[in-house]
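Asker: Below you will find the structure I want to go over with you.
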Amino acid sequence: MLSVGIDIGGTKIAGGLVDDSGSIVRALRVDTPLTVGAIESAVAQMIAHLADGEDVAVAGVAAAGFIDRDRSTVYFAPNIAWRHEPLRERLEALSGTAIVIENDANAAGWAEYRFGAGEGLRDVIMLTLGTGVGGAIVTNGELYRGGHGVGAELGHMRTVPGGIQCGCGQYGCLEPYGSGRALARIAGEIADAEPTGRGAALAVARAEKGKLTGPAISRLVLGDDPGALAALERVAVAVGEACGSLSAILDPERFVIGGGVSQLGERLLEPMRRAYLGALPAAGSRPAADFAIAQMVNDAGVIGVADLARRGAAGGM
């Protein structure tokens with residue numbers, strides 16, 4: 001059974017015709033339009049193009065934001081002017097196709113659970129370390145959404161009382177400490193504090209580009225630069241300690257780490273595991289989760305939301 005998956009990003013909309021093994025058999029990408037109406041029209045046109053000539057009963061659409069329990073209304077989106085937007089109704093009217101709406105982090109986490117780094121397990125948590133921190137929880141083989149549909153916003157756990165203000169308005173959330181943006185901020189602090197010591201290479205990289213970018217920090221990390229490694233360790237520790245608390249509540253078998261920062265692989269995971277075990281209640285006397293890097297990369301949202309839509313059409317979720 002083929003289904004269409006659409007992942008709406010801030011700059012690109014990715015789409016794919018996806019089979020039941022999680023393979024994309026037809027793909028399409030377009031720039032994200034500037035207005036809500038134009039975005040919805042673009043998504044409807046992509047669905048029509050991807051489904052052309054195929055027996056497609058349903059399409060899934062993933063977007064950042066808070067989505068209701070019925071997977072139909074976007075309560076709030078951070079990058080698009082959707083406020084209590086009846087998105088499913090609008091897209092079904094435009095496309096003539098049954099639609100399922102899903103949070104983008106949930107969609108990516110589901111893809112990893114079904115076809116990627118979480119395949120074969122029953123309880124998996126995914127943390128996506130990008131500009132912010134996204135989250136998805138699969139417990140006993142089911143995607144956790146919460147009583148109102150907006151659960152698993154793991155980046156907005158408050159981990160540092162009275163800490164840095166987060167984009168959500170609260171202070172001390174995980175996101176300002178465990179994201180790619182946090183990595184750049186911390187690297188800048190090290191460059192300022194130790195410009196002729198371990199922050200020297202960071203200071204040079206910042207001077208060359210006018211700011212510290214993710215690729216520049218990653219190159220320094222991969223070259224074992226001490227300042228960049230110190231910045232990465234602070235991010236890894238913040239996330240690892242949060243995972244210790246999550247294990248106390250949800251007891252996952254595995255944490256899957258995705259997003260741009262995850263490309264640093266074991267250099268990220270090694271200090272994260274250490275911090276996790278240091279924060280895990282009864283560590284050494286209970287089973288601990290393991291950690292893995294996400295496998296689906298840029299296609300996770302498309303594959304995950306297509307699979308969720310297919311399962312919904314079949315009565316699976």
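Asker: Name the residues in region 147-184 that are open to solvent by less than 30 Å² (accessible area, probe 1.4 Å), touching a residue at least 24 places away in the same chain (Cβ under 8 Å) and under 20 Å from Ile67 (Cα atoms), would you?
Answerer: Answer for region 147-184, where residues must be open to solvent by less than 30 Å² (accessible area, probe 1.4 Å), touching a residue at least 24 places away in the same chain (Cβ under 8 Å) and under 20 Å from Ile67 (Cα atoms): Gly149, Ala152, Leu154, Gly155.
Asker: Output the number of the condition that Ile249 fails; it satisfies all remaining conditions of (1) in contact (Cβ under 8 Å) with a residue 24 or more places away in the chain; (2) in a helix (DSSP H, G or I).
Answerer: (1)
Asker: Looking only at strands (runs of 3 or more DSSP E) that fall completely inside region 1-61, which ones have 2 or more residues that are over 17 Å from Thr97 (Cβ atoms)?
Answerer: Where strands (runs of 3 or more DSSP E) fall fully within region 1-61 and carry at least 2 residues being over 17 Å from Thr97 (Cβ atoms), they are 12-18, 24-31.
Asker: Of these, Ala14, Ala63, which one is buried (at least 18 other Cβ atoms within 10 Å of the Cβ), free of Cβ contacts under 8 Å to residues at least 60 places away in the same chain, under 20 Å from the mean Cα position of the chain (by Cα) and under 17 Å from Leu308 (Cβ atoms)?
Answerer: Being buried (at least 18 other Cβ atoms within 10 Å of the Cβ), free of Cβ contacts under 8 Å to residues at least 60 places away in the same chain, under 20 Å from the mean Cα position of the chain (by Cα) and under 17 Å from Leu308 (Cβ atoms) holds for just one of Ala14, Ala63, which is Ala63.
Asker: Which condition from (1) in contact (Cβ under 8 Å) with a residue 24 or more places away in the chain; (2) touching a strand residue (DSSP E or B) at 6+ places or on another chain (Cβ under 6 Å); (3) not aliphatic (A, V, I, L, M) is the one that Phe76 breaks?
Answerer: For Phe76, the exception is condition (1).
Asker: Would you please name the residue that is surrounded by the most Cβ atoms within 10 Å (Cβ to Cβ), looking only at residues in region 260-305 that are in contact with a helix residue (DSSP H, G or I) (Cβ under 9 Å, 6 or more places away or on another chain) and among the acidic types (Asp, Glu)?
Answerer: Among residues in region 260-305 that are in contact with a helix residue (DSSP H, G or I) (Cβ under 9 Å, 6 or more places away or on another chain) and among the acidic types (Asp, Glu), the one surrounded by the most Cβ atoms within 10 Å (Cβ to Cβ) is Asp299.
Asker: List every residue pair whose Cβ atoms sit under 9 Å apart, with the two residues 6 or more apart in sequence or on different chains, where the first one lies in region 185-213 and is closer than 11 Å to Gly227 by Cα and the second, anywhere, is assigned to a loop (DSSP other than H, G, I, E, B) and polar (S, T, N, Q).
Answerer: Once the first residue is closer than 11 Å to Gly227 by Cα and sits in region 185-213, its partners that are assigned to a loop (DSSP other than H, G, I, E, B) and polar (S, T, N, Q) give Ala203/Thr196.
Asker: Scan Arg114, Arg145 and give me the residue that is under 18 Å from the mean Cα position of the chain (by Cα) and either in a loop (DSSP other than H, G, I, E, B) or among the hydroxyl-bearing types (Ser, Thr, Tyr) (or both).
Answerer: So the residue among Arg114, Arg145 that is under 18 Å from the mean Cα position of the chain (by Cα) and either in a loop (DSSP other than H, G, I, E, B) or among the hydroxyl-bearing types (Ser, Thr, Tyr) (or both) is Arg145.
Asker: Just to be sure before I move on: is Asn103 under 23 Å from Val261 (Cβ atoms), modelled with pLDDT under 95 and surrounded by fewer than 17 Cβ atoms within 10 Å (Cβ to Cβ) in the structure I sent?
Answerer: no
Asker: Which condition breaks for Ala93 when tested against (1) open to solvent by 30 Å² or more (accessible area, probe 1.4 Å); (2) in a loop (DSSP other than H, G, I, E, B); (3) aliphatic (A, V, I, L, M)?
Answerer: Tallying (1) open to solvent by 30 Å² or more (accessible area, probe 1.4 Å); (2) in a loop (DSSP other than H, G, I, E, B); (3) aliphatic (A, V, I, L, M), Ala93 fails exactly one: (2).
Asker: Further question on the same structure: Do you know which residues across region 204-215 are buried (at least 20 other Cβ atoms within 10 Å of the Cβ) and either outside any loop (DSSP other than H, G, I, E, B) or β-branched (Val, Ile, Thr) (or both)?
Answerer: Ala205, Arg206
Asker: For region 72-90, name all the residues that are under 21 Å from Gly134 (Cα atoms), outside any loop (DSSP other than H, G, I, E, B) and either of a type in the set (Asp, Glu) or open to solvent by less than 60 Å² (accessible area, probe 1.4 Å) (or both).
Answerer: Val74
Asker: Do the conditions hold for Gly315, that is, is it small (Gly, Ala, Ser), modelled with pLDDT of 95 or more and either under 30 Å from Gly15 (Cα atoms) or surrounded by fewer than 17 Cβ atoms within 10 Å (Cβ to Cβ) (or both)?
Answerer: no
Asker: Another one. Looking at this structure, is Arg69 surrounded by fewer than 18 Cβ atoms within 10 Å (Cβ to Cβ), touching a residue at least 24 places away in the same chain (Cβ under 8 Å) and not small (Gly, Ala, Ser)?
Answerer: So Arg69 fits the description; yes.
Asker: Taking Leu229 as the residue in question, decide whether it is in contact with a Lys or Arg (Cβ under 9 Å, 6 or more places away or on another chain), buried (at least 22 other Cβ atoms within 10 Å of the Cβ) and under 29 Å from Asp299 (Cα atoms).
Answerer: No: the conditions fail for Leu229.
The values are calculated or read from the model by the stated rules, or taken from the named source; none is laboratory data. This one's a predicted model, so the numbers in the text were calculated from it and none came from an experiment. Quick reminder, even Gly has a Cβ in these numbers, built from the backbone with ideal geometry, and neighbours come from all protein chains shown. All accessible areas refer to the heavy atoms of the entire protein, side chains included, with ligands and DNA or RNA removed. Shrake-Rupley method; radii C 1.70, N 1.55, O 1.52, S 1.80 Å.
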